[in-house]
Each structure stands twice: as C-alpha cells, then as structure tokens.
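Since the structure comes first, as structure tokens, the remarks are kept for the end.
The values are calculated or read from the model by the stated rules, or taken from the named source; none is laboratory data. Worth saying up front: this structure is predicted, and the values here are computed from it rather than measured. For neighbour counting, all protein chains shown are included, and Cβ atoms are generated from backbone atoms with ideal geometry for every residue, glycine included.
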Amino acid sequence: MIILAEHILTKTEDKVFHIILNRPSKKNALTRAMYRGLGDAFKAAETDKNVMVTLMYGNGDSFCAGNDLKDFQDVEYITESKTEERPAAALTKWLLGAKKPIIVAIHGYAVGIGSTMPLNCDLIYASEDAKFQFPFTSLGLVPEFGSTFILPELVGKFRAAELFFLGDFFTAEEAVKIGMVNKIFPKEELIEKVTNIAKSLAEKPPKALRSTKELINKYHKSILENLKQEEAIEFRRRLVSPEAQEAFSAFFSKRKPDFSKFD
C-alpha cells in the first residue's frame, strides 16, 4: 500500500490500480489535499504501463460524503482565468482524459462530489446500503464535474432536474433503475466482487478496450471539456455567495437556513 497523499492510498495488484479514499472519520469528505492526491493517483494509473484498469473505493462506512465544507471555506480562490490551477481541475483533467477503464465501488454515503465524480467513470457498482445525493442547490451551489450534462443524458432532463433541485437522498436500487449504477452487491462482498470485475477487464485486449472507451466517450468529451470549466467558475462564484454562506452557517450551527432575504 502506498500513501500517495494525505488520506489517499494506492496499490497495484493483478494489473489493477486501486485508489482508496482513506478518511473514514469524516466519511471520506474531500479536502483540497485529497483532490491533489486523487489527481496524482489517476495520473499514476494512466502512465503506468503495468496498469490496465483503475478501481476506486472508500475505507470506513462510506464512499465519500462530499466536500469538506470547512476546508473549502478557508480557500483563497484564484482568478477565473486560472481555473486549471485548482486541484479539482487537475483531477477533472485526468478523469476526462483517461484512456484506461475506471471502475467505482460505492457503499454508504455518496454525497455531492461523491456522486458526481463517479459519473465521470466507466462502471459504477454499489452496495445495498449506498445512499446517493446531489445537495448543491440546498447549499447555495451548483452541480459540478460535468454532472449538469452527464446526469440529464443518463436519466432524462426531468428526472435530473428533480434530483438536482430537491437534493433528496436516493437508494442504490433507485440508482440502478435510472441507469446510474450497473449492479448492486451485498456490502460485505462489494469490494471483492468489483475487484474481480476489474481483474477480468484487465485480462482483455487492452487496445480494444481503450478504443471502445474512446468511442463511447468521444461525443461527450467534446462537450464536457468546455462545460466543466463553466461549472467550475460558477461553482466558485456560488461558494462565496451570501446564499452559500447562509447555508454553511446553518449547517455548522445545526439550524434551518433562511433564504427569505435573497431574491
């Protein structure tokens, strides 16, 4: 096991590169350091000739509970013209440009980035206890990581709007029904089952596999390259907005936010 960055572990076994979110005490909520680590991890997987498939999952009782709000409140944001310098942008670049298949195994909570990041991967498997949520509007934010294009393409405009607007939790069973998850496994079998799937893929003809992935994503990629930057710029604007500050304050104070003063 290699500690690539704080709270990000990696290992390579049977041509499969494992990326493990390892901040279980915070349900693997992402910090800026973790974004950097994930970007570095996907870069390592993509550039290692011994790796055929990448597999990502979390330690503890959840996959990822979203962004660490305290960490993101402390950020001094760079100018909009330098969006690519941000850690999240580096991660986006490696996900969007990845030629090798990426598989995600989700258990427990998958909130915010915990749900949008997997949408950028190739296969998503979940345990029976998985709970997904897109809470962005409730926090005064907008969805990111290309999700405003990927999710409507996947589930339809009206279902996507409902998931984004209301921000309700939905189950793994519901995620399978709308086409967001490939298959559900028992929690105690999830990592083993999905690792075996990854190993099976790693034994297939690598060039054929990568070419198939490229063809599947070719149309989407051209759109996402521009959209992700637009989302990132608006996300940063919203992150420092009065609405978001009220939502964050209410979250930390464990009270109901009051948006009545905003038009």
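A few notes on this one:
- Residue list for the stretch 235-252, filter: among the aromatic types (Phe, Trp, Tyr) and either without any contact (Cβ under 8 Å) to a residue 40 or more places away in the chain or surrounded by fewer than 18 Cβ atoms within 10 Å (Cβ to Cβ) (or both): Phe251, Phe252
- Residue satisfying condition, being modelled with pLDDT under 95 and among the acidic types (Asp, Glu), within set Glu6, Glu13: Glu6
- Residue within the stretch 70-83 that is outside any helix (DSSP H, G or I), modelled with pLDDT of 90 or more and more than 16 Å from the chain's Cα centre (by Cα) present: no
- Within the stretch 30-51, the residues that satisfy the criterion of being out of contact with any Asp or Glu (no Cβ under 8 Å at 6 or more places or on another chain) and either surrounded by fewer than 16 Cβ atoms within 10 Å (Cβ to Cβ) or not in a helix (DSSP H, G or I) (or both) are Thr47, Asp48, Lys49, Asn50, Val51.
- Hits in the stretch 227-263 - residues which are under 25 Å from the mean Cα position of the chain (by Cα), in a loop (DSSP other than H, G, I, E, B) and modelled with pLDDT of 90 or more: Ser241
- Residue within the stretch 214-221 that is within 18 Å of the chain's Cα centre (by Cα), in a helix (DSSP H, G or I) and surrounded by fewer than 15 Cβ atoms within 10 Å (Cβ to Cβ) present: yes
Let's see how each residue does on (1) part of a helix (DSSP H, G or I); (2) among the hydroxyl-bearing types (Ser, Thr, Tyr); (3) buried (at least 20 other Cβ atoms within 10 Å of the Cβ):
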{"site": "Ser138", "(1), (2), (3)": "yes, yes, no"}
{"site": "Leu154", "(1), (2), (3)": "yes, no, no"}
{"site": "Arg159", "(1), (2), (3)": "yes, no, no"}
{"site": "Val181", "(1), (2), (3)": "no, no, yes"}
{"site": "Lys193", "(1), (2), (3)": "yes, no, no"}
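- Listed by first and then second residue, the pairs linking a residue in the stretch 176-194 that is among the charged types (D, E, K, R) to a residue that is assigned to a loop (DSSP other than H, G, I, E, B), with Cβ atoms under 7 Å apart and 6 or more places separating them unless they lie on different chains, are Lys187/His107; Lys187/Glu128; Lys187/Asp129.
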